[in-house]
1. If you average 1/r over all unlike Cα pairs in the protein assembly as shown and invert the result, what Kirkwood radius do you get in angstrom?
2. Per the Kirkwood treatment, what hydrodynamic radius in Å, one decimal, follows for the range A:18-97 from the mean inverse distance over all distinct Cα pairs?
3. Need one word for the range B:266-401: rounded, prolate or oblate. Basis is the Cα gyration tensor (sqrt eigenvalues a ≥ b ≥ c); a/c below 1.5 gives rounded, then a/b vs b/c decides.
4. Whole Å is fine, so just give me how far the alpha carbon centre of the range A:248-289 lies from that of the range B:348-401.
5. Mind scanning B:K236/B:K305; A:K142/B:K236; B:K192/B:K221; A:K529/B:K305; B:K38/B:K305; A:K142/B:K185 and naming the pairs with a C-alpha gap bigger than 24 Å?
6. If you take the square roots of the eigenvalues of the alpha-carbon gyration tensor of the range A:400-531 and sort them as a ≥ b ≥ c, do you get rounded (a/c under 1.5), prolate (a/b over b/c) or oblate?
7. Where the centre of each part is set by its Cα atoms, how far does the range B:255-299 sit from the range B:172-229, in angstrom?
8. Sorted from fewest to most neighbouring beta carbons within 10 Å, what does the list A:V600, A:V610 look like?
Amino acid sequence: MGPILAQILTGLANAGALFMVASGLSLIFGVTRIVNFAHGSFYMLGAYIGWTLMQVLPGSFGFWSAILLAGIAVGAIGAFVEIVILRRVYAAPELFQLVATFGVILIVQDLALMIWGPQDLLGPRAPGLRGVVRILGEPVPKYDLALIAITPLVALALWALITRTRFGILVRAATQDREMVGALGVNQRWLFTGTFALGCALAGLGGALQLPKGGADLLMDFTILTSVFVVVVVGGMGSLPGAYLASVLISVVGVFGVTFLPQSTLALTFVVMVAVLMWRPFGLLGREEVAGEMGQVGPPEDPIRPAGWPVRVGVALALVVLAALPLYGSGFAVILATDILIFCLFAASLHFLLGQAGLVSFGHAAFYGGGAYAAALLVRHAGAPMELALLLAPLSAGLLALGIGFVALRASGVYFAMLTLAFAQLLWSLVWQGGAFTGGSDGLVGIWPARWADPNAIFYLLTFALCVGGILMLRHAAHAPFGYALRAARDNAPRAAASGLDVRRLQWAAFTFAGAMAGLAGGLFVFAKGSVFPNELEIARSFDALIVVFLGGVKTLSGGWVGGAVFEAGVDWLTRFEYWRLTLGLVVLFIVTIAPQGIVGTARAFWARVQR
Amino acid sequence: MLRRTFAALTVSAISTIAAPLVAQDGEAIRIGEINHFKRMAAFAEPYRKGYEMAVEEVNAAGGIDGRPIEVIFRDDQGEPGEAIRIAEELMTREGTVMITGSILSNVGLAISSLADRQGWVYLASEPLADALVWSEGNPWTFRLRASTYMQAAMLAEEAAKTDAIRYATIAPNYAYGNDAVAAFKEVLTELKPEVEFVVEQWPQLFQIDAGAEVQALERAKPDAIYNVTFGPDLAKFVREGGDRGLFDGREVFGLLSGEPEYLEPLGPEAPEGWVVTGYPWYAFDDRPNAEFVSAYETRWDETPKNGSLVGYMTGLSVAAALREADSLEPDAIRAAFEGLSVTGPVGEVIYREIDNQATMGAFVGTTAVEDGQGVMVDWSYRDGADYLPDDETVSERRPSE
């Protein structure tokens, strides 16, 4: 009995910081519909600011006020970010704001490195709470007990705020229907600012509260992000009690997983998440999404038309010039162009899914990395030639998408996005733990192109043919009846269904098609680099593609590859600078604020104005 | 064209231009260094400083036959794919004669695979993976730092001297952790067949649930614990374990736990009585080591880390190989590295012909807290050559040769 109780207590203590960060994210999403990727950065800032304050403020009082002040400071930073950046992009397509939050992540990473230096900081101990008490003979750290007591207090305070105050009423109303709240004369701007600041303050509080159990380091922004996403989704986006329940569930399951299945630590939370979402597609206490138009808010889109002759001739000429690159470009230009082309195809495949089918996937790397691993495994274990591997890479990725799509498409909107994320993570942990078969984190190396394609120029031409072909195929699909049906399903699913379209099957087909194209890009990547590692399946890779698609412009046909080309070339160039993350973050924010329709969308709008 | 000129400008802006203190006529010999300067700043920065210091010393002494060495430092974001592209750029456009660098094993493996294909020399300075010189080893890749196997073997040798029979292990769940546990088990069971491993814990890298891990370890009632966690995971593990009394009356062996990179952040809460590998820069009174430490402190106004030593040795190794080589062609440099002898602060290091692994060793000692800071006491330097398997086993593990 003692050990079991002690383990439950450990789980409850772990749930503390997790709940605070997750409830903040949940609140922000509920009201502003922003999926705040930078939430982990606010958590990290809370830890660093709390640490600094604890060096100055003495004693017990100083310790606890430092935690509180850290929360307030991070809340203020959050308010600043909301007012300066996010306010300008609310009118943009939904989820576009996540690009802005991505820029914030990069900036915070470099600023934290500048201010606090590269070394990990050990969190100060809570005065008077060092050591353990024995409960049924088992040692339980005193600070754990403090956390177990504080968390429900914070949860209660939040609950009182939401149910008992005018601010809370407005927050709840906005979570239900924010247009109506606006129509009733509530100043939405300050409501949004207030909610965003509160959410960030909670993240900061969580970061400062965990200091006595660990410390502050520069990687903690990303390490907490996935668990927080899982908690928010399992609890139900926008539900505070759900977030509490889910953080306790995830933490306690985690503790028992550590004891009874030590190898399971990577996959367990995602298994729980998939299981809960299969059972309740909107999380434990979540409600069905009312406004389910992911990425499709704003003025109606112009119907797409096939390009006219001048454009076609122009594109053909540009392609010829590009294909001839090995004749006039340097050896490195050819290599860089190969990488860019591969990334463009990957981005274009996600862009198709987002733009045409209206399906936002947070786990598109599953198919990119899936295709890459399929090719690499075939070469490594079956001795397959490059040509066969390149053929089977998109097929395998397509098959994978067929399977994942079957489950994930049961949900919609953000829940669909989160399910794709969960599956991508599951695949990642499978590969990570695949031992000699997948090579684990040491990956599979020494997988180079066939002899005839070995020269960089030839491999470039092969990549060029396949990537440009793939992108043209995606474009063609948009112009085909399939594309029209997809857009109908995207814009109005009930009406499309009433016209006899099988919405789910259409989306499933689009998901599979996009997955296969991403797999082709992944297959090419393996032969371009000669190796593959689990990095290609990571969340970061999915995010890269997502950012690029939004930067390029969702509501355009060429946003995917244009964004991909600009981003990949830009990163290659910027990493030469010392503070390249700061610079990249600022550039991203700049583009986001001046061009909320993305690069292509804004250019097109500009062109239309010029013509008029 | 404009783009290219601009890129070239920025490259020269961020890379260190060798400061020729001695009159030199020749054009600089360029070396490409690829590392995760941002993502792993705490480890890469000391490394870079040590490297730069070695290059400055070599250049001040006249460089390589009058030509200074110039190192171009590039950030790969910790992504193998990026590292490959940068390596291509360095070798084909920047005119570097060889590649050095990387901390993460996967990046090291990716570069090594490229080096093998293109016939470029790659000195993997910091990555620890055994695969780099063994299962995936190739003639073009050399590795400087004592490998996972070597450091685990040093600890296993110490473990065999104790009475502990029941062992528990805790290691991050990725290739390095797996290798480190496997090597420790292999060497320890060889030295002391009666030991048993009662529990193996595999927390996720940098996401350790320390409380739960400590409870799981305690449950197995081991005599001794072998720890491979590092960085923020180590801090959390030490805290929870210390609070909950996990380490009381138990032998603990900690791989890399004594390196300043990991020990210093723990401050007064550093574990006591652990047997660890590390770098006791504060305790040297022998000449070469102490001289390096004081030179480093003078040059950078900070104390050295383990990475500083590795970076310094990287610079010395590169210079030694270039001196030895008949020309700057990759094949000549590769031939020079085979069996190359480099003398640095820790003594002589030889790049073995059999597997391209350098014999650089590590310091093994016991942790203690002195003046509110974790330190290693009763330490000694172990030559890496003594902790490698016999030649026959090495040949088996290295199929490429």
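1. 29.5 Å
2. Taking the inverse mean of 1/r over all distinct Cα pairs, the range A:18-97 comes out at 13.8 Å.
3. Oblate.
4. Measuring centre to centre over Cα atoms gives 42 Å.
5. Going by Cα-Cα distance, A:K529/B:K305; A:K142/B:K185 fall outside the 24 Å limit.
6. oblate
7. Comparing the Cα centres of the range B:255-299 and the range B:172-229, I get a distance of 24 Å.
8. Lowest to highest Cβ neighbour count: A:V610, A:V600.
Each reported figure results from applying straightforward, stated rules to the coordinates on display, with no laboratory input. No experiment lies behind these values; they were computed from the predicted model shown. All Cβ positions, even for glycine, are placed from backbone atoms using ideal geometry, and neighbour counts span all protein chains on display.
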